[in-house]
Amino acid sequence: MDKVKAMQTFVRIVEANSFTRAAESLNLPRASLTATLQNLERHLGAQLLQRTTRRLSLTQDGERYYEQCAAILAAIETAEADFLGADGRRMRGRLRIDLPGALGRAIVLPRIAEFRRTWPGIDLSIGIGDRLVDLTGEGIDCALRVGELQDSSLVARRIGLVRFAVAATPDYLARRGTPASLDELAGHDGIVHFSGRTGRAFEWEFQEADGLRKVSVKGGIAINDADANLILALQGLGLTQLARYQLRAHADRLVEVLPGVHPTPMPVSLLHPQGRIADPRLRAFADWLAGVFEADPDLRLAHD
């Protein structure tokens, strides 16, 4: 029995929480994974997983063995990386990544070729959308997320901030006037952005000298997608709060209003399961992605 391969198979089954998903990620038949795990348990003389028709769970021996396997495999990856070239050009393997729709399309995907030129041996499987994926359950290595994070077992690395602005088309402002203060927002049509998960409209939050101020925006149209919000704003349907990188891309068609008042930015974080950052492929992607955000003045963690 190839012990290292058996460890890799066991770790992938645990992290995917599914024989089927683990088999897909390893490009192996499901029966092969089942046989490998049975041989491993027989070799160790211990049951590692408890299986039911609905879920998998680690036994006490399985938990201890998983932690040791993860550490051993990470050490092997690190040791090999030291001999495979400092630029990582001989690094091999696949990363499964999940990106939010608007930010992924506008900021990350346009620069993916740069990553591939530096690490041509790392294959990327990229999911795009705003669904809250189950990283461990779906075998995803990392996910980019915008907003404050809920407590979880995942590890988060903050890599940027999305900064916002209020804007509208020149024809809308010509019809309705340009608001000169936050108080005047109430007299305008706003494009309402609501949560696709809860259905609740997001309030516009601003940072003032004496603290935060929230403004409820009303209008005749509501949308639950950041790209769609931009499309509506470009049609002159009202004021909108959008990311500065979106405003920058459409500066010829949108005008910023209240430029002296600053909407509260939202953090951008890269999430991954515990222990996965020891994988040099994930470290390479995480460092590259952090560099992408650091190079953008509207997204970096700190202003110059």
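The values are calculated or read from the model by the stated rules, or taken from the named source; none is laboratory data. A quick note: this is a predicted structure, and the numbers were derived from the prediction, not measured. Virtual Cβ from ideal backbone geometry, glycine too; neighbours counted across all protein chains shown. For the accessible areas, the whole protein counts, side chains as well, though only heavy atoms, and no ligand, DNA or RNA atoms are used. Shrake-Rupley method; radii C 1.70, N 1.55, O 1.52, S 1.80 Å.
Structure data summary
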read-out	value
Residue within the stretch 108-120 that is open to solvent by 40 Å² or more (accessible area, probe 1.4 Å), in contact with an Asp or Glu (Cβ under 6 Å, 6 or more places away or on another chain) and hydroxyl-bearing (Ser, Thr, Tyr) present	no
Residues of the stretch 215-248 satisfying the condition of being among the hydrophobic types (A, V, I, L, M, F, W, C), within 25 Å of VAL108 (Cα to Cα) and open to solvent by less than 70 Å² (accessible area, probe 1.4 Å)	ILE223, ALA226, ALA228, LEU230, LEU232, ALA233, LEU234, LEU242, ALA243, LEU247
Matching option when the condition is out of contact with any Pro (no Cβ under 6 Å at 6 or more places or on another chain) and open to solvent by less than 50 Å² (accessible area, probe 1.4 Å), among ASP298, ASP252	ASP298
Residues (within 29 Å of VAL215 (Cα to Cα) and among the aliphatic types (A, V, I, L, M)) located in the stretch 244-299	LEU247, ALA249, ALA251, LEU254, VAL255, VAL257, LEU258, VAL261, MET266, VAL268, LEU299
Sole residue being exposed (fewer than 14 other Cβ atoms within 10 Å of the Cβ), farther than 23 Å from SER125 by Cβ and of a type in the set (D, E, K, R), chosen from ASP2, ASP61	ASP2
Output for the stretch 155-205, where each listed residue is under 20 Å from the mean Cα position of the chain (by Cα), open to solvent by less than 60 Å² (accessible area, probe 1.4 Å) and β-branched (Val, Ile, Thr)	VAL155, ILE159, VAL162
Verdict on ALA174 being part of a strand (DSSP E or B) and of a type in the set (Gly, Ala, Ser)	no
Residues of the stretch 22-49 that turn out to be over 19 Å from ARG64 (Cα atoms), out of contact with any helix residue (DSSP H, G or I) (no Cβ under 9 Å at 6 or more places or on another chain) and not hydrophobic (A, V, I, L, M, F, W, C), as a count	1
Residue among ALA16, ALA22, ALA46 that is over 31 Å from the mean Cα position of the chain (by Cα) and surrounded by 12 or more Cβ atoms within 10 Å (Cβ to Cβ)	ALA46
